[in-house]
């Protein structure tokens, strides 16, 4: 990974971080599921998971997914990809199978938050000697 690639990945990671911070400030237990999609925090949840996938996809393309999370990420890869597609492409059904698959996979916000933070630490801790000299 080059320095500019690291910078690009961190930039996308920070956008996901902003969505996660807003999401975590909300008490989700106050809202029934059927009201979930119409609430502002739902936007944060949707965008966070979609952005998490875009960062993971970029890191996968660069062969740079942190080894500590790679196996877990691969287990949920297809559901995260479908969810990202559902967020950024209008679905015919408000309860699209693409969005429901992520919920049914039992991938919790705790797990995705941990994956997110491990990516951030990995990117921040890449030393200059670990970066390729392609820049």
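Here, each number is a calculation from the coordinates, and none is a lab measurement. Bear in mind the structure is a predicted one, so any value in this text is a computation, not a measurement. Glycine also receives a Cβ, built like all others from the backbone with ideal geometry; neighbour counts cover every protein chain displayed.
Mind checking which of 41, 88, 122 has the largest fluctuation in a GNM of the chain, springs on alpha carbons under 10 Å?
Looking only at 41, 88, 122, the largest GNM fluctuation is found for 88.
Is region 56-135 rounded, prolate or oblate when judged by the Cα gyration tensor, a ≥ b ≥ c being the square roots of its eigenvalues, rounded requiring a/c under 1.5 and prolate requiring a/b larger than b/c?
It is prolate, given that a/c is not under 1.5 and a/b is the larger ratio.
Once you order the gyration tensor axes a ≥ b ≥ c over the Cα atoms, which shape class does the chain get: rounded for a/c under 1.5, otherwise prolate or oblate by comparing a/b with b/c?
Prolate, since a/c reaches 1.5 and a/b exceeds b/c.
Which residue fluctuates most in the GNM of the chain (Cα springs below 10 Å): 93, 78, 57?
93
Taking a virtual spin label 7 Å from the Cα of residue 85 along the C-beta vector, which residues in region 60-77 bring their backbone nitrogen under 15 Å of it?
Zone members listed by number: 77.
Could you calculate the contour length gain from residue 113 to residue 72, that is, 0.36 nm times the residue separation minus the distance between their Cα atoms, to one decimal place in nm?
So the extension gain works out to 13.5 nm.
In percent, what relative contact order does region 3-124 have, based on Cα pairs under 8 Å that are 6 or more apart in sequence?
Contact order relative to length: 32 percent.
Helix 3-24 against the longest principal axis of the chain: what's the angle in degrees, Cα atoms only, rounded to the nearest 10?
30 degrees
For region 45-95 and region 10-24, what is the centre-to-centre distance using only Cα atoms, to the nearest Å?
14 Å
Rounded to the nearest 10 degrees, what's the angle between the helix 109-124 long axis and the longest principal axis of the chain, both from Cα atoms, 0 to 90?
In the chain, helix 109-124 runs at an angle near 20 degrees to the longest axis.
Summing -39500 (n - 2.57) over the DSSP H runs of n ≥ 4 in the chain and dividing by its residue number, what mean residue ellipticity at 222 nm do you reach, to the nearest 500 deg cm²/dmol?
After summing the helix terms and dividing by residue count, I get -23000 deg cm²/dmol.
What angle do you read, to the nearest 10 degrees and between 0 and 90, between the alpha-carbon axis of helix 40-61 and the longest principal axis of the chain?
30 degrees
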